[in-house]
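The values are calculated or read from the model by the stated rules, or taken from the named source; none is laboratory data. Keep in mind the model is a prediction, meaning the values are calculated, not measured. Cβ coordinates were reconstructed from backbone atoms using ideal geometry, including for glycine residues, and neighbour counts include every protein chain displayed. In case anyone asks, the SASA skips ligands and DNA or RNA and just uses the protein heavy atoms, side chains included. Shrake-Rupley method; radii C 1.70, N 1.55, O 1.52, S 1.80 Å.
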Amino acid sequence: MSDDHDDAIASHPPLDDTGLARLDELLAPEHLGEEAPDVVSAHGFLVALAVAPQSPPQAQWLAELFETAPAFAELEARDEAVALMETLTRQAGDILERGEWLELPFDTELDDDGEMAAAIEDWCAGFMQAVFLDEAAWFAQDESHVAALLLPFMALSGLFEEEPEIAEMVADEAQFSALANQLPELTLDLYLHFRVPPEAPKRGPGKSGGKKAGGKKAGGARQGNARQRGSKR
């Protein structure tokens with residue numbers, strides 16, 4: 001699991017280890033075939049659903065995630081898998097609503113055999129798959145800012161390797177790991193962008209205006225707003 005990046009911001013898993021292990025079992029290729037998503041890419045997809053400015057109907061996101069109707073052999077297994085996925089999405093939203101970071105299902109320190117890098121790539125590819133589900137909604141509000149926040153997800157996903165500028169962002173392990181370390185914070189920034197309006201710039205004597213919305217300053221203010229909202233729930 002990813003480490004906390006800042007002692008001031010708590011990090012929580014949107015699904016506990018037991019639930020994640022069970023979802024992994026239900027999505028196993030021996031049950032659903034090789035084309036089914038693995039638990040890591042599904043995790044990224046479902047977190048993106050929690051972040052998204054509007055939630056698609058269940059039938060729509062299920063069809064997108066599985067690229068067809070999920071071929072569970074038993075109705076009970078299907079219902080259990082869907083319930084776990086909905087729990088993951090709901091709890092991810094609850095964590096982000098409190099202004100906290102999500103604990104992601106991988107370490108950002110890369111290993112020699114490449115498994116961790118593959119997991120990060122799969123998670124980001126799943127996240128971007130959910131973005132593609134409704135790009136218009138994601139980019140409707142301040143397109144350039146959203147694009148900047150999504151750029152690390154795009155670079156790490158491996159889906160844009162043919163675009164030199166994006167591929168260059170993850171050209172070596174240090175850059176790859178540094179971007180992966182930003183994912184929890186960027187996920188929260190995206191969530192807040194869609195739900196918490198930026199604070200109005202404070203004008204004082206001799207000042208022409210405040211900081212622009214977005215970036216570190218606005219993100220910190222929005223996190224505070226989100227925590228205040230969460231404490232009232």
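List of remarks:
- Note on VAL170: accessible area is roughly 30 Å² with a 1.4 Å probe, heavy atoms of protein only.
- Area accessible to solvent at MET169, 1.4 Å probe radius, in Å²: 50 Å²
- In nm, spacing of pseudo-spin labels at ALA167 and ASP112 (7 Å Cα→C-beta vector): 2.8 nm
- Take the Cβ atoms of ASP94 and ALA147, set R0 to 35 Å, and the FRET efficiency comes out at 0.85.
- When all alpha carbon pairs of segment 69-171 are counted in 10 Å bins from zero, the resulting P(r) reads 12, 32, 37, 17, 2 %.
- Global form of segment 80-119, assessed from the alpha-carbon gyration tensor, a/c cut-off 1.5: oblate
- Available extension along the chain between ALA71 and ARG22 is 15.9 nm, counting 0.36 nm per residue and deducting the alpha carbon span.
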